[in-house]
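Enquirer: My questions will all concern the structure given below.
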């Protein structure tokens, strides 16, 4: 698959615009032409917003000509998972059922915030149906494909987001993460991904999956772009009931300082079992790069993951119950069957799962009294083949669909911020999670920047 050589970062695009070496209109035109040429192989985009993007680019060029500041993301093209509301498009959330829903009348809050800083939306991206997916395979739109090997999964459910960024179609994309749907694609596609603290970024204007677990965040090819996008999107949104009123806390300085004085631990036990040789090698490299030697046990991670499964299935089923009754045949059968099973989980079992969740959060957050960050694998293996149903690790045969998120679910279950850094192994990359205490995205971003500077975390050339 041909790729534009060295796609520019957000900072580079800003410098080009400031120096008059490029215009937003030219950048946008080249981006859209590239997507039209290469998306057929990747199947990352499901819709383009060409007219809107062209108009937005012209407005940015006019503002620059007039001497106005165009914003920290001026001229940067981006795409969004198609569960984000985009004015004029139906919010399909990867489903057949939503395909002909009335178009959204306004953009999601995060789109508005990125565009306020000069970014340019170029389209909506493929995803697993109703975000209930770790593979990137969609029975209605077809699978999004991994740019490193088109026969392999991009990961899900933000698979189109991961594929588009890794392939260089766009420097930035937005995804959502309930149980790992930003972190799994980041790992399999070999890019940086941020799942922020629960409630840190507004979810207003996104189609929900599990309200008590849903997060939204950016994916990018470099840490600087990740931080710029995250900083642009921060801030309380009264339209989102779980949006934090916490003051905006810029993290871009963490990229330039890349601090080295943090106390870093390695997750052992549950997070050190069943890893592929590639995941083991990636962990070794990251641990060496950060001089992380202290092993820490995250208590009851397996039970936490089981509870996350139960809460996901039950809350997801409650959301979709009417659709299951009226349009059951229009679901992906694998999604439908899991939702039906979730609808039958007794309430007493869900109460126990929620009780464990509260206990588990207290225990894990307390670990950060003694450490600043915890390292853990993002996925147990590199990208499986599209359609592959099982994989073997450490002598165990495991189903692919649920187990790509085996190491992400115990983290999102309690809303901790996490940055996935890509380790560029040959022939396929794999990601490692940097997990920090609530509201300490700055630490995770700083450590990711350090790994990037040392060449340990980087996009593997296609």
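Nothing in this text is a laboratory measurement; each read-out follows from the coordinates by a stated rule. Just so we're clear, the structure is a prediction, and the values are computed from it rather than from any experiment. All Cβ positions, glycine included, derive from the backbone under ideal geometry; neighbour counts span all protein chains shown.
Enquirer: Compute the length gained on full extension between residue 334 and residue 58: take 0.36 nm times their separation in residues and subtract their Cα-Cα distance, giving the result in nm to one decimal.
Expert: Extending this stretch completely gives an extra 94.9 nm.
Enquirer: With both bridge residues required to lie in the chain, what share of the DSSP beta bridges run antiparallel, to the nearest 5%?
Expert: So the antiparallel bridges in the chain amount to around 70 percent.
Enquirer: Report the Cα-based extents of region 81-229 along its three principal axes, largest first, to the nearest Å.
Expert: Cα extents, longest axis first: 38, 35, 29 Å.
Enquirer: Follow-up. Just checking my list (1) -0.33, -0.66, -1.04, -1.18; (2) -0.22, -0.51, -0.96, -1.14; (3) -0.25, -0.59, -1.10, -1.31 against log10 I(q)/I(0) by the Debye sum over Cα atoms at q = 0.06, 0.09, 0.12, 0.13 Å⁻¹ computed from this structure; which label fits?
Expert: Correct label, based on the coordinates given: (2).
Enquirer: Right, here's the next one. Using 0.36 nm per residue of separation minus the Cα-Cα distance, give me the extension gain between residue 15 and residue 236 in nm, one decimal.
Expert: Net length gain for the segment: 76.6 nm.
Enquirer: Another question, if that's okay. Could you order the peptides 75-85, 400-410 from most to least packed, using the average number of other C-beta atoms within 10 Å per residue?
Expert: Descending packing order for the listed peptides: 75-85, 400-410.
Enquirer: Something else about it: What full-extension length gain, to one decimal in nm, is calculated for residue 51 and residue 327 as 0.36 nm per residue of separation minus the Cα-Cα distance?
Expert: 96.0 nm
Enquirer: If you don't mind, another one. For region 184-322, calculate the relative contact order in percent as a whole number, restricting contacts to Cα pairs under 8 Å that are 6 or more residues apart.
Expert: 21 percent
Enquirer: Next up: Beta carbons within 10 angstrom, averaged per residue: use that to sort the peptides 284-292, 432-440, 224-232, highest first.
Expert: Descending packing order for the listed peptides: 224-232, 432-440, 284-292.
Enquirer: Hey, rough spin-label estimate for residue 348 and residue 247, points 7 angstrom out along Cα→Cβ, what's it come to in nanometres?
Expert: If labels sit at residue 348 and residue 247, their model points lie 5.0 nm apart.
Enquirer: Further, regarding this structure: Take the Cα atoms of region 319-376, build their convex hull, and give its volume per residue in Å³.
Expert: Output value, Cα hull per residue: 125 Å³.
Enquirer: A follow-up question, please. Once you have all Cα-Cα distances for region 159-267, histogram them in 5 Å bins from zero and send the whole-percent values.
Expert: 2, 13, 20, 21, 21, 15, 6, 1
Enquirer: A follow-up question, please. When a/c is below 1.5 the answer is rounded, else prolate if a/b is larger than b/c, else oblate, so apply that to region 366-444 with a ≥ b ≥ c taken from the square roots of the Cα gyration tensor eigenvalues.
Expert: Taking the square roots of the gyration eigenvalues as a ≥ b ≥ c, region 366-444 is prolate.
Enquirer: Continuing with the same structure: Before rounding to the nearest 500, sum -39500 (n - 2.57) across all DSSP H runs of length at least 4 in the chain and divide by the residue total; then give [θ] at 222 nm in deg cm²/dmol.
Expert: -12000 deg cm²/dmol
Enquirer: A follow-up question, please. What percent antiparallel are the DSSP beta bridges of region 43-171, to the nearest 5?
Expert: Of the beta bridges lying entirely in region 43-171, close to 45 percent run antiparallel.
Enquirer: Another question about this same structure. Eigenvalues of the Cα gyration tensor times 5, then square-rooted: what semi-axes does that give for region 302-426, in whole angstrom, largest first?
Expert: Computed over region 302-426, the values are 28, 23, 12 Å.
Enquirer: Using all alpha carbons of region 1-138, what is the percent of pairwise distances in each 10 Å bin, ordered from the shortest bin to the longest?
Expert: 12, 39, 34, 13, 2
Enquirer: Something else now. Obtain the nm distance between the two label points defined at residue 256 and residue 116 by a simple spin-label model: each point lies 7 Å from its Cα along the Cα-to-C-beta direction.
Expert: Result: 2.3 nm between the two label points.
Enquirer: With r defined as the distance between the Cβ atoms of residue 363 and residue 291 and R0 fixed at 30 Å, what FRET efficiency is calculated, to the nearest 0.05?
Expert: Efficiency, rounded to the nearest 0.05: 0.70.
Enquirer: Let me ask another. Could the peptides 237-243, 133-139, 265-271 be put in order, highest first, of the mean number of other beta-carbon atoms found within 10 Å of their residues?
Expert: 133-139, 265-271, 237-243
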